[in-house]
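Read through the structure below, which is laid out as structure tokens, and then see the notes.
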Amino acid sequence: MTAFSLEPAQLAWCAELRALAAERLRPLAEKGEPGRVNRALVAELGRLGLLGRLFTSGALDLCLMRESLAQACTEAETALALQGLGAHPVHAHGTDAQRARWLPAVSDGTAVAAFALSEPGAGSDAAALELTAHPDGTAHPDGDARWRLTGEKCWISNAPEADFYTVFARTTPGAGARGVTAFLLPADRPGLTGRGLDMLAPHPVGALDFDGVPVTADDVLGEVDRGFRVAMGTLNLFRPSVGAFAVGMAQAALDATLAHTARRDAFGGKLRDLQAVAHQVAEMALRTEAARLMVYAAATAYDTGAPDVPGRSAMAKLLATETAQYVVDTAVQLHGARALQRGQLLEHLYREVRAPRIYEGASEVQRGIIAKELYARQEAR
């Protein structure tokens, strides 16, 4: 339900996605192992044509996909989003050879992608990266630049099981955001190792170690020392859709709460008859719809090339992820102890809903981006 001006075909597509997620994707998700890449699920996303749409759709379509899948199967939503996040830099900045090698395999679900930006000492402050690309220092007849990557990445979704990584490394010391380069790195490159991390989120998250990993000019995505633009361009696209993921979870929690409070007997009537309960449900719906509209507005701004995309993307992610945390928590409270049983929908959502407030820029970072954009706009007047 939304008053946003979605076309009937878009609304029908969202309903179809929710049905597909429930009927074909959720059974595969339930067979997966927490903390491991579910390749059967990724392959089914490819067979359904959803992974291919990552590279042919705009930001609004990406949001509709993520919101719809999240309502019925958060694991499918996350698998789709991680494919897009890891492969979008290849789509947007890769050479013809890089695109031909990896994008068809990502689209059909046979290659798993990952976006490797965060480090132990550079999470929210992404410009403080310490993974270093040292010049190789040896002579090469072809004249191509060559480096060795040394350092580590941490909290990388799909690591260490991805087939390739979009890796951001420092090529110019002391240059801050201006000295970072993006590399496309196959997982079998010598010197690259990884390990899984035991995290609250059910999808795989790991750390990567780089021990003199060789890279060349053929591995660069975009331009040398311009990789921070690759990272920020990717995040500007995906931040509203993180909000869409959050809205999908909030809607699932709201739907469960409406059903529960309508049938639950309490104090001589139904739970919904208690004004305190009814007002909480109304607040859940109000915040969910407000977040949805902001997500759609930010995605539309991206698709139309509006000048305020960074600020709108930050607002959408911030409002939607904070809203989802509130809605899911309130849903648990209204359901009572049963909601915290392992295997229950709300227990699952309660674990899932926390991480989006941190990854792709924590809520505090989003507030900083919003303020920066506001003051820049004021100074430009």
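The values are calculated or read from the model by the stated rules, or taken from the named source; none is laboratory data. As the structure is a computational prediction, the values presented were derived from the model and not from experiment. Cβ sites come from the backbone with ideal geometry, for glycine too, and all protein chains shown count toward neighbours.
Checked against the criteria, LEU318 counts as surrounded by 17 or more Cβ atoms within 10 Å (Cβ to Cβ) and either assigned by TED's automatic domain parsing to the domain that holds LYS270 or of a type in the set (Phe, Trp, Tyr) (or both).
I'd like to check something: does segment 280-289 contain any residue that is surrounded by 22 or more Cβ atoms within 10 Å (Cβ to Cβ), at pLDDT below 95 and more than 30 Å from HIS134 (Cα to Cα)? No, because not a single residue in segment 280-289 is surrounded by 22 or more Cβ atoms within 10 Å (Cβ to Cβ), at pLDDT below 95 and more than 30 Å from HIS134 (Cα to Cα).
How many residues, within segment 298-311, are part of a helix (DSSP H, G or I) and closer than 19 Å to SER363 by Cα?
Of the residues in segment 298-311, the ones part of a helix (DSSP H, G or I) are 298-303, 309-311.
So of that shortlist, the ones also closer than 19 Å to SER363 by Cα come out as 298-299, 309-311.
Of the residues in segment 298-311, 5 are part of a helix (DSSP H, G or I) and closer than 19 Å to SER363 by Cα.
Hey, among the residues in segment 165-179 that are more than 13 Å from THR150 (Cα to Cα) and at pLDDT 95 or above, which one's surrounded by the most Cβ atoms within 10 Å (Cβ to Cβ)?
Initial filter on segment 165-179 (more than 13 Å from THR150 (Cα to Cα)): 165-166, 172-179.
Okay, now just the ones that are also at pLDDT 95 or above, so 165-166.
Values: TYR165: 25, THR166: 27.
The residue in question is THR166.
Please state which one of ALA314, ALA331, ALA250 is within 19 Å of SER68 (Cβ to Cβ) and either outside any helix (DSSP H, G or I) or under 29 Å from the mean Cα position of the chain (by Cα) (or both).
Values: ALA314 fails: within 19 Å of SER68 (Cβ to Cβ); ALA331 fails: within 19 Å of SER68 (Cβ to Cβ).
After applying the criteria, what remains is ALA250.
For segment 91-115, a tally of residues being within 16 Å of GLY222 (Cα to Cα) and in contact with a Ser or Thr (Cβ under 8 Å, 6 or more places away or on another chain) returns 2.
Residue-wise test of (1) at pLDDT 85 or above; (2) among the hydroxyl-bearing types (Ser, Thr, Tyr).
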| residue | (1), (2) |
| --- | --- |
| SER118 | yes, yes |
| THR132 | yes, yes |
| ALA145 | no, no |
| ILE156 | yes, no |
| ALA159 | yes, no |
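In the set ALA324, ALA290, only one residue is touching a residue at least 40 places away in the same chain (Cβ under 8 Å), assigned to a helix (DSSP H, G or I) and either touching a His at 6+ places or on another chain (Cβ under 8 Å) or of a type in the set (Gly, Ala, Ser) (or both); that residue is ALA324.
Within segment 136-219, considering only strands (runs of 3 or more DSSP E) that don't extend past its boundaries, which have at least 1 residues that are without any contact (Cβ under 8 Å) to a residue 40 or more places away in the chain and under 13 Å from ALA116 (Cβ atoms)?
Qualifying strands (runs of 3 or more DSSP E): 180-186, 192-196.
Can you say whether THR78 is more than 23 Å from ALA306 (Cα to Cα), of a type in the set (Val, Ile, Thr) and either at pLDDT below 95 or in a helix (DSSP H, G or I) (or both), as far as the supplied structure shows? So THR78 passes the test. When GLU77, GLU130 are checked against the criterion of being surrounded by 18 or more Cβ atoms within 10 Å (Cβ to Cβ) and of a type in the set (D, E, K, R), a single residue qualifies: GLU77. A single entry from THR304, THR288, THR234 fulfils the requirement of being closer than 22 Å to GLY86 by Cα, within 26 Å of the chain's Cα centre (by Cα) and β-branched (Val, Ile, Thr): THR234. Candidates are the residues of segment 350-369 that are under 24 Å from GLN71 (Cβ atoms) and of a type in the set (D, E, K, R); the one that is modelled with the lowest pLDDT is GLU360.
Do the conditions hold for GLY343, that is, is it under 25 Å from the mean Cα position of the chain (by Cα), assigned by TED's automatic domain parsing to the domain that holds ALA266 and assigned to a loop (DSSP other than H, G, I, E, B)? Steps first, answer last, please.
Working: under 25 Å from the mean Cα position of the chain (by Cα): yes; assigned by TED's automatic domain parsing to the domain that holds ALA266: yes; assigned to a loop (DSSP other than H, G, I, E, B): yes.
So GLY343 fits the description; yes.
With the structure loaded, tell me whether ALA306 is farther than 30 Å from GLU7 by Cα, among the small types (Gly, Ala, Ser), free of Cβ contacts under 8 Å to residues at least 60 places away in the same chain and loosely packed, with under 14 Cβ neighbours inside 10 Å or whether it fails that test. Considered against the rule, which asks whether it is farther than 30 Å from GLU7 by Cα, among the small types (Gly, Ala, Ser), free of Cβ contacts under 8 Å to residues at least 60 places away in the same chain and loosely packed, with under 14 Cβ neighbours inside 10 Å, ALA306 comes out as no.
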